[in-house]
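The values are calculated or read from the model by the stated rules, or taken from the named source; none is laboratory data. Quantities reported herein were computed from a predicted structural model and do not represent experimental measurements. As a convention, Cβ positions derive from the backbone with ideal geometry for all residues, glycine included, and neighbour counts pool all protein chains shown.
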Amino acid sequence: MWNVVLKLLLTQIKCQSERSMSGQTDDNTSHFDITSLNKRFCRRRHGQNRGSQVDLDETHVRMLEMLRDNGRISIATLSERLGISRSNAYTRYESLVRNGVIRGVHADIDPTAVGLNVAAMVFVTVRQSQWSDFRSRLSSLDELESFTVMTGEHDAMLLVRGSGVAAIHDLVATRLAQWPSVKATVTVFIMDEMASNVSLRMGAEKSDTLQQSGERYGMTRFVRTSDERAKSAESAQNARRAPRGTR
C-alpha cells in the first residue's frame with residue numbers, strides 16, 4: 001500500500017514540476033519561464049559549467065533548431081512537432097540545459113534601432129604577464145559585445161559598438177590605451193553585417209577513422225595501402241638492406 005501512495009506522490013510532484021517549468025496555463029498553452037531559465041544560464045556563462053560535446057540524435061538536433069528559431073516555443077508544441085510525448089520533450093530539454101548545450105534564451109535586438117550605429121573589431125596585443133588584469137577590466141566596457149582569445153599576430157579581439165566613430169575612438173585611444181595590460185591595439189571598423197545560423201548537423205556527423213579514410217588532416221593526406229603494395233615496399237626495403245655479396 002505504501003508503495004502505491006509513494007508512487008502517487010512522486011507522480012504528483014513530477015506533474016507539478018513540469019507544469020511549473022513549462023508555465024502551463026488554464027488554456028492548455030505552455031511557455032518556458034524565461035526569468036528562471038536565465039537565472040540558471042547566468043551561472044553557466046564565462047566558463048562556468050561550460051558544456052562539453054554531447055551525443056545528439058536527430059530528435060535533439062531538430063529540437064535545437066526549433067528552439068533557435070523561437071526560444072519561447074512551448075513544450076506542448078515541441079512535442080507535437082517532434083512526434084514525441086510531452087514528458088519526453090521535457091526530459092530532452094532539461095538534459096540540453098543541464099549539459100550546457102542550451103546556454104540562454106535572449107531577445108535578438110537590432111543595435112542600430114537603439115542608437116548603436118557603429119561596430120568595430122579591436123585587435124589587442126596583451127602583455128603576457130598581465131592577462132588577469134586585462135580580463136578583469138573587460139566588465140567595465142559598456143561597449144563590449146563579445147571577447148575572443150585568438151592565435152596569430154594578436155592575442156584578443158573585442159567586438160564593440162558605439163553611437164559613432166568618435167565614441168569608438170574615445171574607447172580605444174583614451175580608455176584602452178590607459179590599461180597597463182594593453183601593449184597595442186588595431187581597430188577595424190565593420191562596414192556591413194549579416195548574421196547566419198551555423199548548421200547544427202555538422203557536429204553530429206560521424207567521421208571515418210584514420211585507417212578507413214583518405215581524408216586530409218592538416219597538410220598530410222593519409223591513404224590506405226593495399227596488401228600487395230605493402231609487401232612490394234617491404235621486399236624493396238629488405239633488398240636495399242642486404243649485403244652486396246648476397247644480392
Taking first residues from segment 111-135 that are surrounded by fewer than 18 Cβ atoms within 10 Å (Cβ to Cβ) and second residues anywhere that are of a type in the set (D, E, K, R) and at pLDDT 95 or above, the pairs with Cβ under 6 Å that are 6 or more apart or on different chains are PRO111/ARG161; THR125/ASP155; THR125/LYS183; ARG127/LYS183
Of the residues in segment 76-100, those that are within 22 Å of the chain's Cα centre (by Cα) and either within 30 Å of HIS154 (Cβ to Cβ) or of a type in the set (Lys, Arg) (or both) come to ARG92, ARG98, GLY100
Among (1) of a type in the set (Lys, Arg); (2) at pLDDT below 95; (3) in contact with a Lys or Arg (Cβ under 7 Å, 6 or more places away or on another chain), LYS183 falls short only on (2)
